[in-house]
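> Just passing along the structure, written as structure tokens.
The values are calculated or read from the model by the stated rules, or taken from the named source; none is laboratory data. Fair warning: this is a prediction, and the values are worked out from it, not measured in the lab. Every residue, glycine among them, receives a Cβ derived from its backbone with ideal geometry; neighbour counts consider all protein chains shown. Side chains included, ligands, DNA and RNA excluded: accessible areas come from the protein's heavy atoms. Shrake-Rupley method; radii C 1.70, N 1.55, O 1.52, S 1.80 Å.
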Amino acid sequence: NSGVMSLLRPLLLDVVPTIQQTAALALGRLANYNDDLAEAVVKGDILPQLVCSLSERNRFYKKAAAFVLRAVGKHSPQLAQAIVQCGALEMLVICLEDFDPGVKEAASWALGYIARHNSELSQAVVDAGAVPLLVLCIQEPEIALKRIAASTLSDISKHSPELAQTVVDAGAIAHLAQMILNPDAKLKCQVLSALSQIAKHSVDLAELVVEAEIFPVVLTCLKDSDEYVKKNGATLIREIAKHTPELSQLIVNAGGVAAVIDCIGSCRGTVRLPGIMMLGYVAAHSENLSMAVIVSKGIPPLCACLIEEHEDHIKAAAAWALGQVGRHTPEHARAVAVANVLPTLLAMYMDTRSSEDLQMKASIFTKKALKNILQKCTYLPALEPLLHDAPPNIMKHIVGQFSKVLPHDSKARRLFVTTGGLKKVQEIKAEPGSLLQEYINTINNCYPEEIVR
């Protein structure tokens, strides 16, 4: 408000180098503060001045100038676009070849903040020739530079298969894969993130990541003391598992399912989410893969997530995953039902129906999970408690299962009377001619009329 911007601008061209650097640093800190101030830097015509002096000044000035560009570019795609338009990318890429690691780091950081907004900006960074130099940066000895370069490669890869492919073509995967075992937690996080962003787009890209022999090495990350390393490790495994049954089978063979299950059991909150999703993806592919999740004792930790977690999206993910495990055969459904999941799912569904938009999604997932499991579940003791609470749209699936099993199982028929199940069925109000009414008739036809009365 005091007009500092216009006073700082001429200082960028001062004869004394330290004054130039300090002025740039001051502008960077102002721009970093919020997008209005970043916009003022753009409107004050300061960027072209910074860019033209980037090539000839000393390393301290280069770092300060790259900091200003990063501080402006981080706020919005529009501001990042302004940096691209003033020709900054070419200068930043030249800085990636500087002999000073600090200059490389500052330039890499600025490029990452520009690339992360959208695929157009990311493409501009690629077109400026940044990727091969970033791959060289991850091979430098300085940990801080490795971290930022890996993070920038992650930001470039995330938008599209084509952008991820340019990172792969520059030979990034092999170097990233070697750093999974690096003792530095922050570096491991960035490396796992970059590999995830590459693997997520397509089967081919996921296979290239797997071929870099990340299994079983990546499983050690799931036991890491750092929460973010755990989360990013599980995310990488999830992004590979989701594509095909073959990739999921490869993860199972490497012990990946058991490792993810342990990981879910040992942590709380959003760290669990990628692991939950990964188990759902694996189980969704086939009966055998779903059985692998059951045999590895995957159901109890998923049930625990339903009960312990408070956030809807985590509960919904756990419900979805259990639905994928239970949807294949009566045997699969029974494994889920025996763990006493159905009453919890039903309670969740009844609870989420009553409230806001975020829970709409949770409600849809929960309903689908219930339906998936119920349509295959022939284990009647688990179904019976639900007869007392279920709303009509769920009730038809429950009664439907009884109508399939009771005609062929005399022991179940006897039990159904003594536990009060048959009595409950008589109390259900069904539309004449509806599917539910048909199921009820089928059940009643299993018994002599006086028992039904």
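> Name the residue, out of 229, 203, 217, that is open to solvent by 20 Å² or more (accessible area, probe 1.4 Å) and modelled with pLDDT of 95 or more.
Matching residue, one of 229, 203, 217: 203.
> Here is a list: 145, 153, 136. Which entry is of a type in the set (A, V, I, L, M, F, W, C), under 18 Å from residue 176 (Cα atoms) and open to solvent by 10 Å² or more (accessible area, probe 1.4 Å)?
Of the residues listed, the single one that is of a type in the set (A, V, I, L, M, F, W, C), under 18 Å from residue 176 (Cα atoms) and open to solvent by 10 Å² or more (accessible area, probe 1.4 Å) is 136.
> Search the stretch 75-104 for residues that are farther than 20 Å from residue 52 by Cβ and touching a residue at least 24 places away in the same chain (Cβ under 8 Å) and pair each with any residue that is surrounded by 21 or more Cβ atoms within 10 Å (Cβ to Cβ) and small (Gly, Ala, Ser) when their beta-carbon atoms are under 9 Å apart and the residues are at least 6 apart or on different chains.
75/31; 75/38; 76/38; 104/149
> Follow-up question, since we're still on this one. Kindly indicate whether residue 10 is surrounded by fewer than 17 Cβ atoms within 10 Å (Cβ to Cβ) and in contact (Cβ under 8 Å) with a residue 24 or more places away in the chain.
For residue 10, the condition - surrounded by fewer than 17 Cβ atoms within 10 Å (Cβ to Cβ) and in contact (Cβ under 8 Å) with a residue 24 or more places away in the chain - is not met.
> Here's a follow-up. For the stretch 54-87, enumerate the residues that are open to solvent by less than 30 Å² (accessible area, probe 1.4 Å), outside any helix (DSSP H, G or I) and out of contact with any Asp or Glu (no Cβ under 9 Å at 6 or more places or on another chain).
87
> So, one more: Hey, can you tell me all the residues within the stretch 88-100 that are surrounded by fewer than 18 Cβ atoms within 10 Å (Cβ to Cβ) and hydrophobic (A, V, I, L, M, F, W, C)?
94, 99
> Quick one: residue 293 ticks every box in (1) open to solvent by less than 50 Å² (accessible area, probe 1.4 Å); (2) within 18 Å of the chain's Cα centre (by Cα) except a single one, so which number is it?
(2)
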